[in-house]
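Remarks on the structure that follows.
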Amino acid sequence: MGFPDGFVWGVAASAYQIEGAAREDGRADSVWDVFCRKPGAVWSGQSGEAACDHYHRYREDVGIIRDIGARAYRLSVSWPRILPQGRGQPNSAGLDFYDRLTDSLLAAGIAPWVTLFHWDYPQALFQRGGWLNRRSADWFAEYADAVVDRLSDRVTNWMTINEPQVFLKFGHADGINAPGLTLSLAEQLQAAHHVLLAHGRAVQAIRARTRSPARVGWAPVCVVKYPTTGEPRDIEAARRATCGVTTRDLWNNTWFNDPVFKGEYPREGLEAFAGAVPDFPSDDFATIRQPMDFLGINIYEGQPVRADAQGRAAAMDRPIGHPLTAFRWPVEPQSLYWGPRFMHERYGSPIYITENGLSNVDWVSLDGKVHDPQRIDFTRRYLLALRRACDDGTDIRGYFHWSLLDNFEWSAGFKERFGLVHVDYATQKRTPKDSARWYRGVIESNGAALDLDPFA
Ligand code: IFM
């Protein structure tokens, strides 16, 4: 029992958050470059222009991943580095970077897990309507072609899109992420439909052009409601809430995953969004629903619930003083038990945790080390819950810690530190935190080290 043999232990990061080199080798603006220039949009006016300078320091970073003992690294490719105008002739200098990165990962015994889109949408295409333009699916497929043509002889694990709920809601409804839009619900659903279509087209592109056997998934957020007791009616209420669409916004699981895995929008969503659901050709679902090898889910927290008298999920208050991360996100290890379980029950697909972690108040101590006991304790609690889910039969195949490095945390700038490795942004010095060493022990023991007291 415990984590299965072959369980994938990894670390994760994304292009705009770590690469820097925003104006090098032909890369053009993404919506994030432009958004960061907007006064007041990002904390302290910061941007990913230099970030962790991973573009130039990737060899050192690959060495750090190797030292952590991770055998898998989840990275994303920057669309405007490959296709500066979003489409057209691929920029070979941009592709060369991912070639070099892939080769050094493989040489270090680390498998690259590549996400095609982690939010850095080309500005040139945004000016042509962005995700509101149905052609965005064709554009994304062209981009997927270019990446797959170059990397698929060595890359076998692919994810199409990261957290559609987040970049659509925060970027297209709330205006607090790039591109800073505040669209109507009908427009948001139109954009979401095109994102789903783009996902399907990209899966087709990967399968049609790959030069080695490909495994394809995607990486939505998992919005978790979990039961506070083991009572069947509480569990059922939590399951229905996790799989439901109860509010008129995009913060849910099934509006995104049902089309991808079942080829339809959830009935409850159609009811909740009545009057705002776009018209689309009926065969779109045949494109969106492609064979999937896995479901990646990103989980940071969850909402405790109980069944009310009608069996509906009622949100429970957390006790006063409930632990919070530096971002003020509640610490909710149970989310890593129930989220994968509910998603696996609904879709039957193998699950990978493609992101999990926390921002913490970390700095380099006078002894030159970075002591982050909260990250160790947080991750230990979450991984124990994940292991319990494996024990109870949920088919979970891997875990990627977010993040490898401290990095550019979108509109929070560099204020939030999510890394296993501290980055001094003035010098670009990397200092592995205590948690990096602890995580190494977890990986080496395939989780057995979780039973040891890390502070004894
Ligand atoms: O940094 C982000 C990442 O880009 C997407 N998932 C959540 C992380 C922490 O906010």
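Could you check, for region 345-355, whether at least one of its residues is among the small types (Gly, Ala, Ser), within 30 Å of Tyr121 (Cβ to Cβ) and surrounded by fewer than 24 Cβ atoms within 10 Å (Cβ to Cβ)? Please lay out each step first, then the result.
Let us first name the residues in region 345-355 that are among the small types (Gly, Ala, Ser), namely 348-349.
Subset that is within 30 Å of Tyr121 (Cβ to Cβ): 349.
Restricting the remaining residues to those that are surrounded by fewer than 24 Cβ atoms within 10 Å (Cβ to Cβ) gives 349.
Scanning region 345-355 turns up at least one residue that is among the small types (Gly, Ala, Ser), within 30 Å of Tyr121 (Cβ to Cβ) and surrounded by fewer than 24 Cβ atoms within 10 Å (Cβ to Cβ).
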Open item on the list: Being within 16 Å of the ligand (Cβ to nearest atom) and part of a loop (DSSP other than H, G, I, E, B) is the filter here; which residues of region 1-27 pass it?
Closed with: Ala13, Ser14, Glu19, Gly20
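Could you check region 374-387 and list, in sequence order, the residues that are within 22 Å of Pro432 (Cβ to Cβ) and either within 13 Å of the ligand (Cβ to nearest atom) or out of contact with any Pro (no Cβ under 7 Å at 6 or more places or on another chain) (or both)? Steps first, answer last, please.
Taking region 374-387 and keeping what is within 22 Å of Pro432 (Cβ to Cβ), we get 374-383.
Once the filter is applied, which keeps residues that are within 22 Å of Pro432 (Cβ to Cβ) and either within 13 Å of the ligand (Cβ to nearest atom) or out of contact with any Pro (no Cβ under 7 Å at 6 or more places or on another chain) (or both), region 374-387 yields Gln374, Arg375, Asp377, Phe378, Thr379, Leu383.
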TODO: Go through (1) without any contact (Cβ under 8 Å) to a residue 60 or more places away in the chain; (2) within 16 Å of the ligand (Cβ to nearest atom) and name the single condition Ser30 misses.
DONE: (1)
Open item on the list: So, Leu132, is that one touching a residue at least 60 places away in the same chain (Cβ under 8 Å) and of a type outside the set (Val, Ile, Thr) or not?
Closed with: yes
Task: Lone qualifier among Arg267, Arg215 - being of a type outside the set (A, V, I, L, M) and touching a residue at least 60 places away in the same chain (Cβ under 8 Å) - done: Arg215
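Kindly indicate whether any position in region 388-405 is more than 16 Å from the ligand (Cβ to nearest atom), of a type outside the set (Gly, Ala, Ser), assigned to a loop (DSSP other than H, G, I, E, B) and open to solvent by 40 Å² or more (accessible area, probe 1.4 Å). Show your work before the answer.
Within region 388-405, the subset more than 16 Å from the ligand (Cβ to nearest atom) is 388-398.
Right, trim to of a type outside the set (Gly, Ala, Ser) and you get 388, 390-392, 394-397.
Next cut, assigned to a loop (DSSP other than H, G, I, E, B) only: 392, 394-395.
Then keep just the ones that are open to solvent by 40 Å² or more (accessible area, probe 1.4 Å); that gives 392, 395.
Within region 388-405, one or more residues are more than 16 Å from the ligand (Cβ to nearest atom), of a type outside the set (Gly, Ala, Ser), assigned to a loop (DSSP other than H, G, I, E, B) and open to solvent by 40 Å² or more (accessible area, probe 1.4 Å).
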Open item on the list: Under 7 Å between Cβ atoms, which residue pairs at least 6 apart in sequence (or on different chains) link something in region 322-337 that is in contact (Cβ under 8 Å) with a residue 24 or more places away in the chain with a partner that is within 15 Å of the ligand (Cβ to nearest atom) and part of a helix (DSSP H, G or I)?
Closed with: Val331/Phe378; Pro333/Tyr382; Leu336/Tyr382
TODO: For region 357-376, enumerate the residues that are more than 21 Å from His322 (Cβ to Cβ) and crowded, with 21+ Cβ neighbours inside 10 Å.
DONE: Asp362, Val370
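Mind listing whichever residues of region 164-176 are surrounded by fewer than 23 Cβ atoms within 10 Å (Cβ to Cβ) and closer than 18 Å to His118 by Cβ?
Going residue by residue through region 164-176, those that are surrounded by fewer than 23 Cβ atoms within 10 Å (Cβ to Cβ) are 165-166, 169-170, 173-176.
The answer is Gln165, Val166, Lys169, Phe170, Ile176.
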Task: Breaking point among (1) more than 22 Å from Lys429 (Cβ to Cβ); (2) in contact with a Phe, Trp or Tyr (Cβ under 8 Å, 6 or more places away or on another chain), for Tyr55 - done: (1)
Open item on the list: Can you tell me how many residues within region 275-325 are away from the ligand (no atom under 16 Å from the Cβ) and either over 30 Å from Pro227 (Cβ atoms) or open to solvent by 60 Å² or more (accessible area, probe 1.4 Å) (or both)?
Closed with: 29
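Output the number of residues of region 114-132 satisfying the condition of being buried (at least 21 other Cβ atoms within 10 Å of the Cβ) and more than 20 Å from the chain's Cα centre (by Cα). Walk me through it before giving the result.
First pass over region 114-132, keeping only residues buried (at least 21 other Cβ atoms within 10 Å of the Cβ): 114-123, 125-126, 130-131.
Retained after the next criterion (residues that are more than 20 Å from the chain's Cα centre (by Cα)): 123, 125-126, 130.
Result for region 114-132: 4.
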- [ ] Filter region 28-46 down to residues that are part of a loop (DSSP other than H, G, I, E, B) and surrounded by 15 or more Cβ atoms within 10 Å (Cβ to Cβ), then give me how many there are.
- [x] 5
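Please work out if Thr379 is β-branched (Val, Ile, Thr) and surrounded by 23 or more Cβ atoms within 10 Å (Cβ to Cβ).
Numbers: β-branched (Val, Ile, Thr): yes; surrounded by 23 or more Cβ atoms within 10 Å (Cβ to Cβ): yes.
In short, yes.
Which of the residues spanning region 326-344 are part of a loop (DSSP other than H, G, I, E, B) and crowded, with 18+ Cβ neighbours inside 10 Å? Spell out the reasoning first.
So in region 326-344, the residues part of a loop (DSSP other than H, G, I, E, B) come out as 326-329, 331-334.
Listed by number, the residues that qualify are Val331, Glu332, Pro333, Gln334.
Can Ala111 be described as more than 16 Å from the ligand (Cβ to nearest atom), at pLDDT 95 or above and open to solvent by less than 20 Å² (accessible area, probe 1.4 Å)?
Working: more than 16 Å from the ligand (Cβ to nearest atom): yes; at pLDDT 95 or above: yes; open to solvent by less than 20 Å² (accessible area, probe 1.4 Å): no.
Spelling it out, it is not the case that Ala111 is more than 16 Å from the ligand (Cβ to nearest atom), at pLDDT 95 or above and open to solvent by less than 20 Å² (accessible area, probe 1.4 Å).
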- [ ] Scan region 50-77 for residues that are in a loop (DSSP other than H, G, I, E, B) and surrounded by fewer than 24 Cβ atoms within 10 Å (Cβ to Cβ) and jot them down.
- [x] Ala50, Asp53, Gly69, Arg71
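Checking the conditions here, which among Ser104, Ser92 is of a type in the set (Ser, Thr, Tyr), free of Cβ contacts under 8 Å to residues at least 60 places away in the same chain, surrounded by fewer than 17 Cβ atoms within 10 Å (Cβ to Cβ) and farther than 24 Å from Gly171 by Cβ? Please lay out each step first, then the result.
Details: Ser104 fails: surrounded by fewer than 17 Cβ atoms within 10 Å (Cβ to Cβ).
None of the other options fit; the residue is Ser92.
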Task: Residue check, Val34 within 18 Å of the chain's Cα centre (by Cα) and either on the phi > 0 side of the Ramachandran plot or β-branched (Val, Ile, Thr) (or both) - done: no
Open item on the list: Restricting to region 155-196, name every residue that is touching a Lys or Arg at 6+ places or on another chain (Cβ under 9 Å) and away from the ligand (no atom under 16 Å from the Cβ).
Closed with: Thr156, Asn157, Trp158, Gly180, Leu185, Gln188, Gln190, His193, His194
Open item on the list: Considering only residues that are free of Cβ contacts under 8 Å to residues at least 40 places away in the same chain and open to solvent by 60 Å² or more (accessible area, probe 1.4 Å), which ones fall in region 246-264?
Closed with: Thr246, Thr247, Glu264
Task: Cβ-Cβ under 9 Å pairs, at least 6 apart or on other chains, region 145-173 side within 20 Å of Ala13 (Cβ to Cβ) and modelled with pLDDT of 95 or more, far side of a type in the set (D, E, K, R) and open to solvent by less than 20 Å² (accessible area, probe 1.4 Å) - done: Asn157/Arg74; Met159/Arg74; Asn162/Glu355; Glu163/Glu355
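The values are calculated or read from the model by the stated rules, or taken from the named source; none is laboratory data. Bear in mind that the values here come from a model prediction, so they are computed numbers and not experimental data. Positions of Cβ are backbone-derived with ideal geometry, glycine not excepted, and every protein chain shown enters the neighbour counts. Note: accessible area is taken over every heavy atom of the protein model, side chains too, but ligands, DNA and RNA are not part of it. Shrake-Rupley method; radii C 1.70, N 1.55, O 1.52, S 1.80 Å.
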